[in-house]
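Q: Pasting in a structure now, in structure tokens, and then I'll have a few things to ask.
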Amino acid sequence: MTPHPPPPVNYLRLSITDRCNLRCLYCLPAGEFDKLPSREILSYEEFLRLAQVAAAVGLQKIRVTGGEPLVRQGVVEFLRRLTRVPGVAKVCLTTNGVLLPDLAADIHAAGVRHLNLSLDTLDAGRYAALTGGDHLPRVLAGLERALRLGFQPLKLNCVVLQGINDQELLEIARLAKDDPLEVRFIEFMPLAAPERWQAHFLPMAEVRARLAALGPLIPVAADPTAGPARLYQPPGFRGRLGFISPVSSHHCPTCNRLRLTAAGRLRPCLFSAEEVDVKGPLRRGATDAELAQLLIGAARLKSRRPCPPGSALPAGSRAMRSIGG
């Protein structure tokens, strides 16, 4: 095989579908969203082959995302096979949790231990307004099921939205007090309508200030394949808090990930429309060595220069649910 890509790129996110069972305010584009035709979405066999090639060139951690990955038929068997790909050290899953009560045990049995669950509010009415669905009881039931099954790490992703859920920050943070959770607060990224982003963006420094009542935050070292969260443990907490600030404090110089969209395109950077087509060569019979070169080339395209604060995705870029976060 060809040489490893330059460090620290060791993390690949696979968006296995652009479908979702929610319509979250911060995920949808400003206009209508056109779903990909099924034939344009990579098959599980294609994803597995690319995962094998990725592992061979040093991408040891793979996260399965969407859209909502659990809406795709056959996902549990795919996860089982993915955990058995040689060289893949960690298989992680990000879900909105709506289908988790039904599938958590099967996902755990498939070998997945790293689970991220989106949870932006603990208020049922606010949840319905944010997501377009009255599913908070199911999400909380899925969280409880995941805790009982022993997923570790088990992370809660909370996108902070000024004027919508920012009054709940302390309550959400305290979910990590008695349980081994990592509650992660994420800045609202300028991926939707500009006026929507401007109305609801809250910088992470303000989030930290509002959590001062928890006491001094003790820094926690992150795993080498971890994402951009800065981790802390408040006094008396069993779990941890994470802070992700893609807008106010870019992590471009230390970004370690590539994204593969459901349509088979590699994205070196979330805030760039630049993509590398993998599906075309794959379906035309490319060798593993040729596919490896595409992955290495995408890693070399990663910018280490931060985007301007508040920069939006360029015109013509894909919706967040297609990119995979």
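Q: What residues qualify as long-range amide H neighbours of K155, i.e. H under 5 Å apart, gap of 5 or more or another chain, H built at 1.01 Å from N?
A: L115, N116, L117, E182
Q: Using only the Cα atoms of the chain, what are the Rg and Dmax in Å?
A: 18.8, 58
Q: Residue-wise, which Karplus ³J(HN,Hα) couplings in Hz belong to the range 252-261, taking 6.51 cos²θ - 1.76 cosθ + 1.60, θ = phi - 60°, and x for glycine or proline?
A: Each residue of the range 252-261 in turn: 3, x, 10, 5, 10, 10, 10, 10, 10, 6 Hz.
Q: Note the full-extension length gain between S248 and R39 as 0.36 nm times their separation in residues minus their Cα-Cα distance, in nm to one decimal.
A: Taking 0.36 nm per residue and subtracting the Cα distance, the gain is 71.4 nm.
Q: What fraction of the Cα pairs in the range 146-239, stated in percent, has a spacing above 20 angstrom?
A: 41
Q: Still on this structure, I have one more. With no solvent and one equal point scatterer placed on each C-alpha of the range 1-150, evaluate the Debye formula and give log10 I(q)/I(0) for q = 0.13, 0.15 Å⁻¹, two decimals.
A: Debye intensities relative to I(0), on a log10 scale: -0.64, -0.83.
Q: Something else: If you filter the range 207-253 for chymotrypsin sites (Phe, Trp or Tyr not before Pro), then keep DSSP loop positions with at most 12 other Cβ within 10 Å, what is left?
A: Loop-located and lightly packed - none at all.
Q: Kindly provide the helix-only [θ] at 222 nm of the chain, computed as the sum of -39,500 (n - 2.57) over DSSP H runs of four or more divided by all residues, to the nearest 500 deg cm²/dmol?
A: Details: 12 runs with 98 residues, N = 325.
That calculation yields -8000 deg cm²/dmol at 222 nm.
Q: Follow-up. Rounded to the nearest Å, what's the spacing between the alpha carbon centres of the range 107-132 and the range 177-237? Just the number, please.
A: 17
Q: Spin-label point model (7 Å from Cα, Cβ direction): what's the A199 to A226 distance in nm?
A: Label at A199, label at A226, 3.5 nm between them.
Q: A further question follows. When the C-alpha atoms of the range 109-182 are aligned to their principal axes, what extent does each axis show, in angstrom, from largest down?
A: Reported extents, whole Å, longest axis first: 38, 25, 16.
Q: Can you figure out the FRET efficiency of E77 with A128, using R₀ = 30 Å and their beta-carbon distance, to the nearest 0.05?
A: 0.40
Q: How much length, in nm to one decimal, is gained on full extension between A289 and A209, taken as 0.36 nm per residue of separation minus their Cα-Cα distance?
A: Additional length available on full extension: 23.9 nm.
Q: Through the Karplus equation 6.51 cos²θ - 1.76 cosθ + 1.60, θ set to phi - 60°, convert the phi angles of the range 92-106 into ³J(HN,Hα) values in whole Hz; use x for Gly and Pro.
A: 10, 9, 10, 9, 7, x, 4, 9, 5, x, 7, 10, 4, 5, 5
Q: Could you give the nm distance between label points at D277 and N21, where each point is 7 Å from its Cα heading toward the beta carbon?
A: 3.5
Where a number appears in this text, it was derived from the coordinates with a stated rule and is not lab data. Computed from a predicted model, the values in this text were never measured in an experiment. Ideal geometry is used to build each Cβ from the backbone, glycine not excepted, and the neighbour counts take in all protein chains shown.
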